[in-house]
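Working notes, structure below.
The values are calculated or read from the model by the stated rules, or taken from the named source; none is laboratory data. Here the structure is a predicted model, which means the values were calculated and not measured. Reconstructed Cβ throughout: ideal geometry from the backbone, glycine too, with neighbour counts over all protein chains shown. Heavy atoms of the whole protein, side chains included, go into the accessibility calculation; ligands, DNA and RNA do not. Shrake-Rupley method; radii C 1.70, N 1.55, O 1.52, S 1.80 Å.
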Amino acid sequence: MASDNKSGLICSMCGSRSSASQPVVRVFEGLNLCTDCIAFIDNARDTQLKQQKTSKKGEKTKNSIPKPQEIKKFLDQYVIGQDSAKKYLSVAVYNHYKRINQNIDDDVDIEKSNIIMVGPTGTGKTLLAKSIAKLLDVPFTIVDATVLTEAGYVGEDIESLLTRLLQACDYDVEKAQRGIVFIDEIDKIARKSDNPSITRDVSGEGVQQGLLKLLEGSVVLVPPNGGRKHPEQKMIAVDTKNILFICGGAFDGIERKIASRLNTHVVGYGHDESGRKKKRENLMKYVLPMDLKSFGLIPEIIGRLPILTSLDPLDKEALRRILTEPKNAITRQYKKLFELDGVDLEFTEEALDLIVDKAVEFKLGARGLRSIVETVMIDAMFDVPSIKTKKFVVDAEFVKEQLEKAHFEKTTIKD
């Protein structure tokens with residue numbers, strides 16, 4: 001159909017004649033195309049490639065969803081114990097994957113299963129979140145609730161916590177809307193009393209009210225660079241409907257509220273003293289939503305965190321395992337540091353037991369282990385790189401000497 005004549009080429013697709021405003025280009029012998037038809041073909045090609053890419057990505061994501069047992073097995077490599085919390089977390093993450101990849105073909109709307117983890121400091125709440133981040137192929141970020149304040153006050157707006165999620169996926173809004181946010185120190189935004197505040201509580205109840213719309217799911221305007229909002233700033237609209245929120249907090253002192261509810265102080269004859277003592281030692285496992293309300297979380301936010309799980313306090317055996325077993329165990333980290341200097345570092349069993357005893361004494365959990373080992377190793381890390389040695393052994397005598405030098409004196413800590 002296309003032919004050369006005095007007026008120029010004719011488009012093989014639409015039949016239009018070449019002109020100054022719409023030139024026709026000879027692609028090859030027998031095929032001439034105008035600029036409009038070339039643009040149409042380009043758009044059709046791009047659309048088809050995008051659909052193929054999305055389809056392949058959907059198949060890949062569906063096939064690569066880690067099962068709950070696989071997620072827990074992965075977490076076991078990094079976190080000692082806490083089996084209950086791992087199960088809750090594994091199921092919630094797995095269901096989150098299924099929920100965002102489902103084909104909506106009926107009227108059943110699966111709601112989010114936001115989680116709140118309660119446990120003493122140093123029991124592994126943040127480590128669980130960081131370990132999950134290594135496994136996931138969805139955007140993941142950890143934010144601290146302590147910096148948040150109600151809009152208009154010093155601090156960061158509630159919406160700014162989504163800025164971190166956007167940054168984690170290079171500001172790809174579609175990806176961010178399928179991500180996971182871990183809010184640490186959630187207990188620090190508890191209101192100051194169990195009664196509704198009659199004055200401004202801008203870093204407590206005010207923040208909780210602001211978090212409601214994020215947790216439940218709504219379109220939120222997010223400042224791209226975080227911090228405060230101002231009228232001239234360009235905002236990014238993010239729908240939080242498919243964002244999973246995991247909250248964690250120590251809730252220091254909530255044991256008293258749990259004990260009061262359980263009435264663990266028994267008066268009279270025939271009561272089981274040993275059973276009562278054991279119950280007091282780990283009251284966290286009896287935590288209920290009503291205890292969080294008594295602590296200072298508002299009922300609305302508790303309702304949007306339907307899954308409640310607790311972490312057990314670390315006993316001596318767990319602390320001992322934490323020192324050596326995980327992939328990122330503290331002793332392995334120091335061995336790696338010495339290995340980079342060509343030195344083989346070795347900890348004796350007696351030295352490890354002494355470190356654990358001191359950590360139990362100061363009741364600082366796994367974080368206490370790190371500070372104690374750092375105190376023990378500081379002189380060795382200062383001296384060893386400058387001396388010619390191939391092996392360095394940390395024994396009980398060395399640990400005791402270093403702790404005495406650092407004034408880690410015996411202290412009696414009352415319950």
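Here L352, L308 are screened, and the one residue that is closer than 20 Å to Y78 by Cα and either part of a loop (DSSP other than H, G, I, E, B) or of a type in the set (A, V, I, L, M, F, W, C) (or both) is L352. Considering region 332-365, the residues that are touching a Phe, Trp or Tyr at 6+ places or on another chain (Cβ under 9 Å) and among the aliphatic types (A, V, I, L, M) include one that is nearest to F408 (Cα to Cα), namely I355.
Here is a yes/no grid of residues against (1) in contact (Cβ under 8 Å) with a residue 40 or more places away in the chain; (2) out of contact with any Leu (no Cβ under 8 Å at 6 or more places or on another chain); (3) of a type in the set (S, T, Y):
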| site | (1), (2), (3) |
| --- | --- |
| L340 | no, yes, no |
| D344 | yes, yes, no |
| I355 | yes, no, no |
| E361 | yes, yes, no |
| S386 | no, yes, yes |
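For region 361-398, the set of residues classified as out of contact with any strand residue (DSSP E or B) (no Cβ under 6 Å at 6 or more places or on another chain), open to solvent by less than 70 Å² (accessible area, probe 1.4 Å) and not in a helix (DSSP H, G or I) consists of T389, D395, listed by residue number. Residues of region 27-49 that are at pLDDT below 85, outside any helix (DSSP H, G or I) and either open to solvent by 80 Å² or more (accessible area, probe 1.4 Å) or not hydrophobic (A, V, I, L, M, F, W, C) (or both): F28, E29, G30. So, K257, is that one open to solvent by 30 Å² or more (accessible area, probe 1.4 Å), at pLDDT below 90, in contact with a strand residue (DSSP E or B) (Cβ under 9 Å, 6 or more places away or on another chain) and under 30 Å from L244 (Cα atoms) or not? No, not satisfied. Just so you know, in region 317-338 the residues that are of a type outside the set (G, A, S) and free of Cβ contacts under 8 Å to residues at least 12 places away in the same chain include one that is farthest from D379 (Cα to Cα), and it is E317.
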